[in-house]
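> Sharing a structure here in structure tokens format.
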Amino acid sequence: MKWENNRRSDNVEDRRGASGGGGLGGRSIGLGTVVVALVAGWVFGINPLTILGLLSGADIGPAATQQAPAGAPPANDRQAQFVSTVLADTEDVWTRLFKEQGSTYAVPRLVLFRGATPTACGQGQSAMGPFYCPLDQRVYIDLAFYDTLRQQLGAPGDFAQAYVIAHEVGHHVQNLLGVLPRVEQLKRGAAPADANRLSVRVELQADCLAGVWAQKARSNFQLEPADIEEALNAASRIGDDTLQKQGQGHVVPESFTHGTSAQRVRWFSTGYERGTLAACDTFDSPI
């Protein structure tokens with residue numbers, strides 16, 4: 001993956017010098033909720049299913065006050081440069097694809113933070129992994145997550161990291177298309193297992209949208225097959241079944257909120273191979 005000379009986005013806020021504050025907030029959407037369940041299980045001996053229940057959309061207290069936009073990251077911060085370069089490419093790709101459909105793409109902002117940070121969805125914490133808040137249209141990431149991805153989850157590589165950003169931007173695309181509000185409405189009053197099944201379809205669609213972006217990004221990043229394998233490996237490593245097997249030795253399918261490893265790999269691959277929004281209909285297709 002060649003990224004160093006590509007355009008960088010101006011839509012990156014660096015809050016890593018700010019103090020974060022309190023506890024978990026509600027209704028953010030992220031790739032990392034299953035990761036925190038596994039990691040907390042390892043470190044604290046907590047049942048991952050308990051944590052998944054907390055982080056899969058339950059409202060926990062009032063939303064935190066969102067702070068004013070922070071400044072740009074330092075010019076010599078290589079990790080921040082990488083993130084802003086990937087974000088810039090998602091901006092270019094989705095702006096073009098929305099324009100082709102007669103729509104306008106409103107670009108999201110990406111927030112770098114450490115530990116905790118206020119969001120319009122509540123208090124965000126590093127333990128949640130990367131997440132998207134539809135209420136403020138921001139992607140949040142503590143870059144220490146990439147260490148977890150590489151060292152504890154076995155998913156190294158630049159394009160594995162790019163996949164994480166593309167997945168969260170996929171949630172932003174879903175928000176702009178009205179998918180997230182419709183799903184939230186359907187989940188109200190639904191039984192927990194039914195709500196979880198809707199969450200799985202949301203997450204698999206975000207994986208598919210990440211694959212669509214990856215197809216369009218091939219030439220800009222000079223992607224090779226090994227790069228795509230890095231993304232597929234990351235998708236596989238964070239499947240609900242894989243994480244539950246590692247964390248507790250068995251799986252509980254009705255508790256899945258993100259999809260199995262095979263499903264996540266399949267839907268990323270579908271987006272990558274077909275390269276269209278229409279290919280990512282996880283709601284009216286078998287998953």
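> It is to be established whether one or more residues within segment 245-254 are surrounded by 20 or more Cβ atoms within 10 Å (Cβ to Cβ), part of a helix (DSSP H, G or I), of a type outside the set (A, V, I, L, M) and touching a Gly at 6+ places or on another chain (Cβ under 9 Å).
Step one: of segment 245-254, the residues surrounded by 20 or more Cβ atoms within 10 Å (Cβ to Cβ) are 247.
Among the residues that remain, those that are also part of a helix (DSSP H, G or I) are: 247.
Applying the additional criterion that residues be of a type outside the set (A, V, I, L, M) yields 247.
Within this subset, residues satisfying the condition of being touching a Gly at 6+ places or on another chain (Cβ under 9 Å) are 247.
Taking every residue of segment 245-254 in turn, at least one turns out to be surrounded by 20 or more Cβ atoms within 10 Å (Cβ to Cβ), part of a helix (DSSP H, G or I), of a type outside the set (A, V, I, L, M) and touching a Gly at 6+ places or on another chain (Cβ under 9 Å).
> While we're looking at this one, here's another question. Could you list, in sequence order, all residues of segment 218-244 that are among the hydrophobic types (A, V, I, L, M, F, W, C), in a helix (DSSP H, G or I) and closer than 20 Å to LEU149 by Cα? Explain how you work it out, then say what you get.
To start, the set of residues in segment 218-244 that are among the hydrophobic types (A, V, I, L, M, F, W, C) comprises 221, 223, 226, 228, 231-232, 234-235, 238, 243.
Checking the rest, the ones that are also in a helix (DSSP H, G or I) come to 221, 226, 228, 231-232, 234-235, 243.
ALA226, ILE228, ALA231, LEU232, ALA234, ALA235, LEU243, listed by residue number.
> Out of (1) within 18 Å of LEU149 (Cβ to Cβ); (2) not in a loop (DSSP other than H, G, I, E, B), what's the single condition that is false for GLY259?
Just one mismatch for GLY259, condition (2).
> Can you list residue pairs whose Cβ atoms sit under 7 Å apart, with the first residue in segment 177-203 being surrounded by 13 or more Cβ atoms within 10 Å (Cβ to Cβ) and the second being of a type in the set (D, E, K, R) and part of a helix (DSSP H, G or I)? Count only pairs 6 or more apart in sequence or on different chains.
That search, which allows pairs on different chains as well, returns ALA195/LYS187; ASN196/GLU254; LEU198/LYS187.
> So, in segment 123-153, how many residues would count as being at pLDDT 90 or above, under 27 Å from GLY178 (Cα atoms) and hydrophobic (A, V, I, L, M, F, W, C)?
Going through segment 123-153 one residue at a time, the tally reaches 5.
> Anything in segment 150-164 that is among the polar types (S, T, N, Q) and either surrounded by 15 or more Cβ atoms within 10 Å (Cβ to Cβ) or touching a residue at least 60 places away in the same chain (Cβ under 8 Å) (or both)? List them, or say none. Step through it out loud before you land on a result.
Here is the first cut: in segment 150-164, the residues among the polar types (S, T, N, Q) are 151-152, 161.
Answer for segment 150-164, where residues must be among the polar types (S, T, N, Q) and either surrounded by 15 or more Cβ atoms within 10 Å (Cβ to Cβ) or touching a residue at least 60 places away in the same chain (Cβ under 8 Å) (or both): GLN152, GLN161.
> Considering only residues of segment 262-274 that are within 21 Å of GLN161 (Cα to Cα) and surrounded by fewer than 18 Cβ atoms within 10 Å (Cβ to Cβ), which is nearest to the chain's Cα centre (by Cα)? Break it down stepwise before answering.
First, pick out the residues of segment 262-274 that are within 21 Å of GLN161 (Cα to Cα): 262-273.
Imposing the further condition that a residue be surrounded by fewer than 18 Cβ atoms within 10 Å (Cβ to Cβ) reduces the set to 262, 273.
Details: ALA262: 18, GLU273: 20 Å.
Going through the qualifying residues, I end up with ALA262.
> From the set of residues in segment 99-140 that are part of a helix (DSSP H, G or I) and touching a residue at least 24 places away in the same chain (Cβ under 8 Å), which is surrounded by the most Cβ atoms within 10 Å (Cβ to Cβ)? Walk me through it before giving the result.
First, the residues of segment 99-140 that are part of a helix (DSSP H, G or I): 99-100, 126-128.
Cutting the leftovers down to touching a residue at least 24 places away in the same chain (Cβ under 8 Å) gives us 127-128.
Numbers: ALA127: 21, MET128: 25.
The selected residue is MET128.
> Can you name the residue in segment 233-273 that is of a type in the set (D, E, K, R) and touching a Leu at 6+ places or on another chain (Cβ under 7 Å) and is also farthest from ALA210 (Cα to Cα) among such residues? It would help to see each step written out before you state the result.
Of segment 233-273, the ones of a type in the set (D, E, K, R) are 237, 240-241, 245, 254, 264, 266, 273.
This time we only want the ones that are touching a Leu at 6+ places or on another chain (Cβ under 7 Å), so: 237, 264.
Values: ARG237: 16, ARG264: 11 Å.
Per the stated criteria, the residue is ARG237.
> Any idea how many residues of segment 5-25 are under 12 Å from SER84 (Cβ atoms) and either part of a loop (DSSP other than H, G, I, E, B) or modelled with pLDDT under 85 (or both)? Let's see the steps before the verdict.
As a first pass, look at segment 5-25 and keep what is under 12 Å from SER84 (Cβ atoms): 6-14.
The next check asks that each one be either part of a loop (DSSP other than H, G, I, E, B) or modelled with pLDDT under 85 (or both); those that pass are 6-11.
The total comes to 6.
> Please go through segment 50-98 and give me each residue that is part of a loop (DSSP other than H, G, I, E, B), farther than 18 Å from TYR140 by Cβ and either touching a helix residue (DSSP H, G or I) at 6+ places or on another chain (Cβ under 6 Å) or modelled with pLDDT of 85 or more (or both), ordered by number.
ASN76
> Still on this structure, please answer the following. Which of the numbered conditions does VAL169 fail, given that it passes all the others? Conditions: (1) in a strand (DSSP E or B); (2) of a type outside the set (Lys, Arg); (3) closer than 16 Å to ALA235 by Cβ.
All conditions are met except number (1).
> Being more than 20 Å from ASN6 (Cβ to Cβ), surrounded by 21 or more Cβ atoms within 10 Å (Cβ to Cβ) and either modelled with pLDDT of 95 or more or charged (D, E, K, R) (or both): is that true of GLN174 here?
Numbers: more than 20 Å from ASN6 (Cβ to Cβ): yes; surrounded by 21 or more Cβ atoms within 10 Å (Cβ to Cβ): yes; either modelled with pLDDT of 95 or more or charged (D, E, K, R) (or both): yes.
Here the answer is yes, as GLN174 does meet what is asked.
> If you don't mind, there's one more thing I want to ask. Could you identify the single residue in LEU232, LEU223 that is touching a residue at least 60 places away in the same chain (Cβ under 8 Å) and among the aliphatic types (A, V, I, L, M)?
Details: LEU232 fails: touching a residue at least 60 places away in the same chain (Cβ under 8 Å).
Being touching a residue at least 60 places away in the same chain (Cβ under 8 Å) and among the aliphatic types (A, V, I, L, M) holds for just one of LEU232, LEU223, which is LEU223.
> Right, next: Taking segment 140-190 only, how many residues are under 16 Å from GLY129 (Cα atoms), out of contact with any helix residue (DSSP H, G or I) (no Cβ under 9 Å at 6 or more places or on another chain) and charged (D, E, K, R)?
1
The values are calculated or read from the model by the stated rules, or taken from the named source; none is laboratory data. Because the structure is predicted, anything quoted here is derived from the model rather than measured. Note that we place each Cβ from the backbone using ideal geometry, even for glycine, and neighbour counts take in every protein chain shown.
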